[in-house]
Amino acid sequence: MTGNTPKPQPVPQPESDRYWEGLKNEEIWLQRSVATGKFQFYPRALAIEDADGNREIEWVQATGNAELFTFAIAHIAPHPGFAGDVPYITALVKLEEDVIVPTNIVGIDPEPENLQIGMQLKPVFKHHERGHTLLMFTPA
Amino acid sequence: MPNIQKLKNLSGKAHIVGVGESNKLGKVPEKSPLAHHSEAAVNALDDAGLQLSDVDALFTAGWSTLDVAEYLGIHPRYTDSTSVGGASFVIHVAHALAAIAAGYCEVALITHGQSGRSDRAPIPRNPGAPASQYETPYGIIGPPISYAMAARRYMHEYGEDRTRQAMAEIAVSTRKWANLNPMAYFYDKTTSFDDYHDSRWVAWPFHLLDCCLVTDAGAAIVITTPERARDAKNGSVTILGAGEGHDHSMISQMPDLTRAFGRNTGPQAIEMAGVSHSDLDLAMIYDSFTYTVLVTLENLGFCGPGEGPDFVASQRTAPGGDFPLNTNGGGLSYTHPGMYGIFTVVEAARQLRGQAGDRQLDKCDLALAHGTGGLLSSTGTVVLGAE
């Protein structure tokens, strides 16, 4: 494994174009239910929480404030595109808007003692040469 | 919501009359997944004293029933390709019960076959699925990483050291059962607590010995009416209770990383069967990872949330212990081709019929088999009874 295989890139769908376009501008745009105010991740064509059948959604820019919800440290690459990255940190983070986002924690050594569940995080926008931007996090 | 009173009327309306594996499990590069399907089908039908020509209903996952039926040369009158990961085949048992009771069919065949080890014809991923957007680009790919993140959350909620000890207990006890099963990949290889703790990291907090095998294997189950079950060559097993469902696909969408859907399917299956947890002589619980077993014991109601580490302490689930668990050696040490769920039912049927060889339990009248599919996504539970 040389790490030369490209990483899989996201395949945006019409309802998620705004999310991916936002990341390119280093902005996090989330959907929320107009009726209940509850945020949802990932973007969908309808609100998964409704009030009286109202499933209308609106887009709101998130603050980027987040905390670590859980993590793992990958020691075996699950895809050849990640062969040069192991060990790397995968994580689920909870945004201030109360949604869970799958991501990577970067900027620290991938050792369990460097990661505490509940630790405060801030976003890192990883611009990829093929045009998309990934949303990662680092300790705040 | 399931109508438990109607379900109770369904209890016992179909019997498992045959089970079988493909001829060789483990490293089998010379055989295709469909070859495993077909070998297992013939073996299970032979166990039942039936022929492929008797089959009028086909159930499978990972493949379409179109392909499997064509390969076997059968023309089913009832068809079910429900494919929700490794739990699918346990769910098929419930679907076969309902289909037979309703009169759609009389001889149901459930088949499985995968070359997980030799990677022949792997199941393709859907590039339009949300995981392809939100998890895959971050290297959140495949079960070990996803289940490891769930396990880390469990450690946070209930204590890292006692969770680690519980995972080690499960790895060691399951291997002891495999050492009694000649079909097990690790039949000849024992393991110790030191071996567990010394094994390399796959996805921290998972050691290698927290993770299931990756093998080539197939299995099949034959189910029929209570009337035809009386002619079964090697005895039959009654399907008493069942439950199925799912609550997410991606791990990042799981509502609670320490509570999988077995919280619903376990109690439903047990209530439908009209029994209680303490009546069960055997639990066959899908062990993709040690953590899967730990959390599932809690979800099914064998113990409360966070009590799993105490429940499995001191090798209680090993041979000779008072809670026999995964007596075939499990996905951890017997076989795991990718979607292992069918093997939980195969072993439960063998134990209930008294055909489990050196690992046969002294008393086995009631067994629970439980499959987990995807990324702790789907579950299927059945309660089976000896005739």
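Each part reduced to its alpha carbon centroid, the stretch B:1-68 and the stretch A:23-75 end up 42 Å apart. The label-point distance for B:Thr190 and B:Asp54, in a model that sets each label 7 Å from Cα toward Cβ, rounds to 4.3 nm. Each 5 Å bin from zero up to the one holding the largest Cα-Cα distance in the stretch B:197-302 carries the following percent of pairs: 2, 9, 14, 17, 17, 17, 12, 7, 4, 2, 0.
Structure remark: mean-square fluctuation, Gaussian network model of chain B, C-alpha springs under 10 Å; the largest value among B:Tyr187, B:Tyr134, B:Tyr340 belongs to B:Tyr134.
Taking every DSSP beta bridge that has both residues in chain B, what percent is antiparallel when rounded to the nearest 5?
75
Remark: mean inter-chain Cβ contacts per residue of A:126-134 equal 1, using a 10 Å Cβ-Cβ cutoff to other protein chain atoms.
Between B:Leu208 and B:Glu30, take the C-beta separation as r, use R0 = 35 Å, and let me know the FRET efficiency to the nearest 0.05. It comes out at approximately 0.85.
Per residue, what volume in Å³ does the Cα convex hull of the stretch A:32-85 take up?
Measuring per residue, one finds 151 Å³ for the Cα hull of the stretch A:32-85.
Residue by residue, the stretch B:246-263 carries 3J(HN,Hα) couplings of 7, 10, 5, 10, 6, 4, 5, 9, 5, x, 8, 5, 9, 9, 8, 6, x, 4 Hz when phi is fed to the Karplus relation 6.51 cos²θ - 1.76 cosθ + 1.60 (θ = phi - 60°); x denotes Gly or Pro. Arranged from fewest to most other beta-carbon atoms within 10 Å of their beta carbon, B:Phe311, B:Phe261 become B:Phe311, B:Phe261.
Starting from the Kirkwood Rh over alpha-carbon pairs, what translational D in µm² s⁻¹ does the stretch B:1-67 have by Stokes-Einstein at 37 °C and 0.692 mPa s?
229
Placing one identical point scatterer on every Cα of the stretch A:11-62 and ignoring solvent, what is log10 I(q)/I(0) from the Debye formula at q = 0.16, 0.18, 0.24 Å⁻¹? The Cα Debye sum returns log10 ratios of -0.43, -0.53, -0.84. Based on every Cα atom in the stretch B:310-387, Rg and the maximum pairwise Cα distance Dmax equal 12.8, 35 Å. Histogrammed with a bin width of 20 Å, the alpha carbon distances of chain B distribute as 32, 61, 7 percent, first bin at zero. Computed about the Cα centre, the dipole magnitude for the protein assembly as shown is approximately 560 debye when only Lys and Arg (+1) and Asp and Glu (-1) carry charge, each at its Cβ.
Computed over chain A, relative contact order equals 23 percent, with contacts defined as Cα pairs under 8 Å that lie 6+ residues apart. Across the stretch A:105-115, rounded Karplus estimates of 3J(HN,Hα) from the backbone phi angles (6.51 cos²θ - 1.76 cosθ + 1.60, θ = phi - 60°) give 9, 10, x, 9, 5, x, 10, x, 5, 7, 10 Hz, Gly and Pro being marked x. Using the empirical formula 2.2 N^0.38 Å as the baseline, the Cα radius of gyration of the stretch B:135-268 reaches a ratio of 1.34.
In a fully extended conformation the segment linking A:Phe125 and A:Asp85 would gain 12.6 nm over its present Cα-Cα distance, using 0.36 nm per residue. What's the center-to-center distance, using Cα atoms, between the stretch B:172-205 and the stretch A:108-140 in Å? Measuring centre to centre over Cα atoms gives 35 Å. Remark: spin-label model distance B:Arg230-B:Asp161 equals 6.2 nm, labels positioned 7 Å along the Cα→Cβ axis.
Based on alpha carbons, the Rg and Dmax found for the stretch A:78-140 are 12.4, 34 Å. Please report, to two decimal places, log10 I(q)/I(0) for chain A at q = 0.09, 0.18, 0.19 Å⁻¹ as given by the Debye formula with identical point scatterers on the Cα atoms and no solvent. With no solvent term, the Cα-only Debye profile gives -0.31, -1.09, -1.17.
Rounded to whole Å, the principal axis extents of the Cα atoms in the protein assembly as shown read 70, 53, 45, largest first. Report the Rg/Rh value for the stretch B:48-178, based on alpha-carbon coordinates and the Kirkwood definition of Rh. That ratio is 1.08, to two decimals. Mean per-residue shielding of peptide A:73-83 is 6, counting Cβ atoms of other chains within 10 Å of each Cβ. Dividing the summed helix terms, -39500 (n - 2.57) for each DSSP H run of n ≥ 4, by the number of residues in chain B produces a 222 nm estimate of -10500 deg cm²/dmol to the nearest 500. Taking the number of Cβ atoms within 10 Å of each Cβ as an exposure proxy, the fewest-first ranking of B:His36, A:His128 is A:His128, B:His36.
None of the figures in this text is laboratory data; all of them are computed from the coordinates on show. Note that the structure is a prediction, hence the values are computed from the model and not measured. Backbone-built Cβ (ideal geometry, glycine too); neighbour counts: all protein chains shown.
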